[in-house]
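The values are calculated or read from the model by the stated rules, or taken from the named source; none is laboratory data. None of these values were measured; they are calculated from a predicted model. Cβ coordinates were reconstructed from backbone atoms using ideal geometry, including for glycine residues, and neighbour counts include every protein chain displayed. All accessible areas refer to the heavy atoms of the entire protein, side chains included, with ligands and DNA or RNA removed. Shrake-Rupley method; radii C 1.70, N 1.55, O 1.52, S 1.80 Å.
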Amino acid sequence: MSTHVLDRHLQKTLSRGRVAATRPAGCPDIELYLFDPQVLEGPLSHDEAQAVVGEPAYWSFCWASGQVLAQWILQHPHLVAGKRVLDFGSGSGIVAIAAAIAGAAEVVACDLDPAALDAAEANAAGNGVALKRCEDWYQRPQALDVITAADVLYDPDNRGFLAEFRAAAPQVLLADSRVRDLGDPAYVRQAVIEARTWPDLNEFEEFNQVRIYHTV
């Protein structure tokens, strides 16, 4: 997957957009092609700002929870080693890549945005691993062992996925910085770790506190 493809995806919302290889501070072992902030020489035009807000390229940033969950998996490889993993809302692919590096038997990157899946594939190749693609959670592969998900609860309507994840696999690894109480006792908090979106979007400090959960 050429970086030119990713640049073209990004330029649909920001004409000056391009990606650059970088290593997020929260998970420096993994290199990703992410939005290059050096292109922003001056303020966004009205049209650019409207496009960025209306159709954001989430995959071009590595969110705090993704970094933390990826690093957690690299530090606890037994959670995924030899298992079939699906990463929900994969975005840049950092969590899926971490699972592959940690020895998962198979990793599926699942995201509604085809551009995100292109990014995940490109980022996986850059880290010497391979991922499978899934554009529809409801058409996902069966016989999964682990579901991973990071920063997918920003929309209250997504809370229903907590039960769906548990039904889809015997183990769920979840990271979130937006919701303090998941309202589901099956998700047991393991740690709270600080991280920042990469490149940094200067979000509220509360969104830099990432909670890691495992299902029991």
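Quick look at the numbers
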item	result
For residue 29: the one exception among (1) touching a helix residue (DSSP H, G or I) at 6+ places or on another chain (Cβ under 9 Å); (2) open to solvent by 70 Å² or more (accessible area, probe 1.4 Å); (3) more than 20 Å from residue 131 (Cα to Cα)	(3)
Hits in segment 1-21 - residues which are touching a residue at least 24 places away in the same chain (Cβ under 8 Å), surrounded by fewer than 18 Cβ atoms within 10 Å (Cβ to Cβ) and part of a strand (DSSP E or B)	21
Subset of segment 148-207 (residues that are open to solvent by less than 20 Å² (accessible area, probe 1.4 Å) and of a type in the set (Ser, Thr, Tyr))	148, 177, 187, 197
Residue match in segment 87-96 (condition: in a strand (DSSP E or B) and within 20 Å of residue 142 (Cα to Cα))	yes
Whichever residue in segment 140-164 is of a type in the set (Asp, Glu) and at pLDDT 95 or above and, among such residues, is farthest from residue 59 (Cα to Cα)	145
Filtered residue count, segment 154-180, keeping only those that are farther than 17 Å from residue 193 by Cβ and hydrophobic (A, V, I, L, M, F, W, C)	8
Search result, residues across segment 97-114 that are assigned to a helix (DSSP H, G or I) and crowded, with 20+ Cβ neighbours inside 10 Å	97, 98, 99, 100, 101
Segment 165-189, residues that are out of contact with any helix residue (DSSP H, G or I) (no Cβ under 8 Å at 6 or more places or on another chain) and at pLDDT 95 or above	165, 166, 167, 168, 169, 170, 185, 188, 189
Odd one out for residue 210, checked against (1) in a helix (DSSP H, G or I); (2) under 23 Å from residue 75 (Cβ atoms)	(1)
